[in-house]
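Laboratory data are not the source of any read-out in this text; all were calculated from the coordinates shown. As the structure is a computational prediction, the values presented were derived from the model and not from experiment. Every residue, glycine among them, receives a Cβ derived from its backbone with ideal geometry; neighbour counts consider all protein chains shown.
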Amino acid sequence: MIKILLIEDDPKLKDKVTFLLEGIVGAVISTVTDFKAAAKTLTEHPDINLIVADYRSGNGKDVEVFQKLAVFIDTVVCVDDLSDAGATEGWNLTEKVERKSLATNLKQVIEKIAEKLESSEKLKFCRIKTSILLETSPLHADIYAKLSDVKYLKIFLQGDVFDKDDFKKYTEQKKIEYMYLREDSCQLFIHKYVYQIDEFIKNHQPPTPEQMSNMNMVAYESVQELTNVLGFNKDVQQLAKSHVQMTVQFMDKKPNLSRLLAKLKTQKGKYLADHSYLLSYIACGISTHLQWGSDTTFFKLSLASFLHDVAITDDKLAACNTIADAKSLGIGEKEMNLFRNHPTIAGDMVRKMSEIPPDVDAIISQHHELPDGKGFPRAIGANYISPLSTVFIVAHDMVRHIFFPPPEGFDLSTYLAGAQERFQHSNFRRVLTAAKKLDMPANE
Ligand SMILES: [Fe+2]
Ligand SMILES: [Fe+2]
């Protein structure tokens, strides 16, 4: 369906042109005779997607005000002379039509535009963090800004360079945190991004800690969004694997958690990405102190950290540790089911990944199980929880306490004392003893 706003100030033509446009299949027409009325209609009907402007008079100010309102809307302007550039000034011009051929041409021109609009509305778009454009530019893909749920505006053509000035302009001045790629150009974007990560690894060129946490945020959100749009296909899997490989290669295996936490606090990111990042460090730190510190173990724990909540997109839901926590959010049955099953969904996804060590799926599907059998989704109890899952469960619990500390602040020994009560099983005790050695000063 195409919603057209017709501005026709010639009373003799008003009904005729309206009638002409009504002949377009699927068109809904609103007709006004001046710009004040046009502005009112546009405000009341923000879903109007085409303007046809045929005016000869009008207070210049009213025209300007309206043009600003309509800056992102395709417009067909009717003119006396096609070569008169002044007649179309200020419009988001899609086409101009000569008045003398209005009766024969206008309908055809609009039918073509309607066809294009309809096909672009069917296209899926994928959201990417604006900052990643700096790393992947130039991309052989058009880049869009989102105007509404169905409308995207192309702002960079394929091959355009996106530089630091563009980054400043769009993120600082226009506050555009995300840009969009068409579904069919996502593969290209992923390949470029993976290449970038592989270069870091190959050149043994560790990113700065700021770069690392930013890259984590970008990779996390990209994998989640791409999974939503494309499914967890081979390219998306490769992106997740490459990112985790880089994290493992450059991470401090005995991390100074206070420094890391300070960084996360100033960065103020999103819980989903941040908790997965911290989780990876804590889980690997604990496994180092358990003398399980091999690269394979680090990779397993880090990949599990990165993907364990991939089925959840809501930060509040991700911050829930138990079914009761999720229920207290007052969410509907559909979301509740998603929460209950998110460990299984993510575990099944990871099981399909090629060339990854075994056990990662088990860690993920067990990440909300508890030693007393009161966890979910399977309530399996300590004897059935794998050793690496035990590390992961404790690390995950600790991360939640760090992000949601008691009023007096997070304190490792106070936390561990409480955890001893909750995790009463020898396997978990062993993990808690190792966690004591983490480098995290009291009252962080
Ligand atoms: Fe989680
Ligand atoms: Fe979870």
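The table below gives the values:
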{"read-out": "Cα-based helix-to-principal-axis angle, 412-422 vs the chain, degrees rounded to 10", "value": "80"}
{"read-out": "Hypothetical label at Ala103: residues of the stretch 18-36 whose amide nitrogen lies under 19 Å (7 Å Cα-Cβ projection)", "value": "18-24"}
{"read-out": "Contour minus Cα-Cα distance for Glu408 and Asn256 (0.36 nm per residue)", "value": "52.6 nm"}
{"read-out": "For Tyr195, Tyr281, order by how many other beta-carbon atoms lie within 10 Å, fewest first", "value": "Tyr195, Tyr281"}
{"read-out": "Around Ala379: net Lys/Arg minus Asp/Glu count, Cβ-Cβ under 13 Å", "value": "+1"}
{"read-out": "³J(HN,Hα) computed for each position of the stretch 347-353 - Karplus, 6.51 cos²θ - 1.76 cosθ + 1.60, integer Hz, glycine/proline x", "value": "x, 5, 4, 5, 4, 7, 6"}
{"read-out": "Order of Trp292, Trp91 under a 10 Å beta carbon neighbour criterion, fewest first", "value": "Trp292, Trp91"}
{"read-out": "For the chain, the Rg and Dmax computed from alpha carbons only, in angstrom", "value": "28.1, 90"}
{"read-out": "Pairwise FRET efficiency - Lys175 versus Lys16, Cβ, R0 = 51 Å, nearest 0.05", "value": "0.70"}
{"read-out": "Order of Thr247, Thr227 - criterion: other Cβ atoms within 10 Å of each residue's Cβ, fewest first", "value": "Thr227, Thr247"}
{"read-out": "Angstrom value of the Kirkwood radius, inverse mean 1/r, which spans all Cα pairs in the stretch 251-444", "value": "16.8"}
{"read-out": "Using alpha-carbon coordinates, inclination of helix 35-44 to the longest axis of the chain, degrees", "value": "30"}
{"read-out": "Calculated FRET value between Asp315 and Val229, using beta carbons and R₀ = 25 Å, to 0.05", "value": "0.80"}
{"read-out": "Angle in degrees between helix 387-403 and the longest Cα principal axis of the chain, rounded to the nearest 10", "value": "60"}
{"read-out": "GluC sites (Glu not before Pro) lying in DSSP loop within the stretch 4-113, provided at most 15 other Cβ fall within 10 Å", "value": "Glu89"}
{"read-out": "Cα-Cα over 18 Å, subset of Lys68/Lys169; Lys14/Lys107; Lys253/Lys436; Lys124/Lys151; Lys129/Lys168", "value": "Lys68/Lys169"}
{"read-out": "Using θ = phi - 60° and Karplus 6.51 cos²θ - 1.76 cosθ + 1.60, couplings along the stretch 73-82 (whole Hz; Gly, Pro as x)", "value": "9, 4, 9, 10, 10, 8, 10, 7, 9, 4"}
{"read-out": "Table column - 3J(HN,Hα) (Hz), the stretch 202-210, Karplus curve with 6.51, -1.76, 1.60, x for Gly and Pro", "value": "4, 7, 6, 10, x, x, 5, x, 5"}
{"read-out": "Computed lengthening from Glu64 to Ser294, 0.36 nm per intervening residue step minus Cα-Cα distance", "value": "76.2 nm"}
{"read-out": "Net +/- balance of residues flanking Leu106 in space, Cβ distance below 13 Å, scoring K and R +1, D and E -1", "value": "0"}
{"read-out": "Long-range amide H partners of Tyr152 with built H, under 5 Å", "value": "Leu147"}
{"read-out": "Hydrodynamic radius of the stretch 1-155 per Kirkwood, over alpha carbon pairs, in Å", "value": "16.8"}
{"read-out": "Two-site label geometry, Ser148 and His425: point separation in nm, points 7 Å out along Cα→Cβ", "value": "5.4"}
{"read-out": "Structure-based [θ]222 nm, the chain - -39500 (n - 2.57) summed over DSSP H runs of at least 4, per residue, nearest 500", "value": "-16500 deg cm²/dmol"}
{"read-out": "Residue among Leu307, Leu290, Leu13 with the largest mean-square fluctuation in a Gaussian network model of the chain, springs linking Cα atoms under 10 Å", "value": "Leu13"}
{"read-out": "Segment His204-Lys124, extension gain: residue separation times 0.36 nm, minus the distance between their alpha carbons", "value": "25.1 nm"}
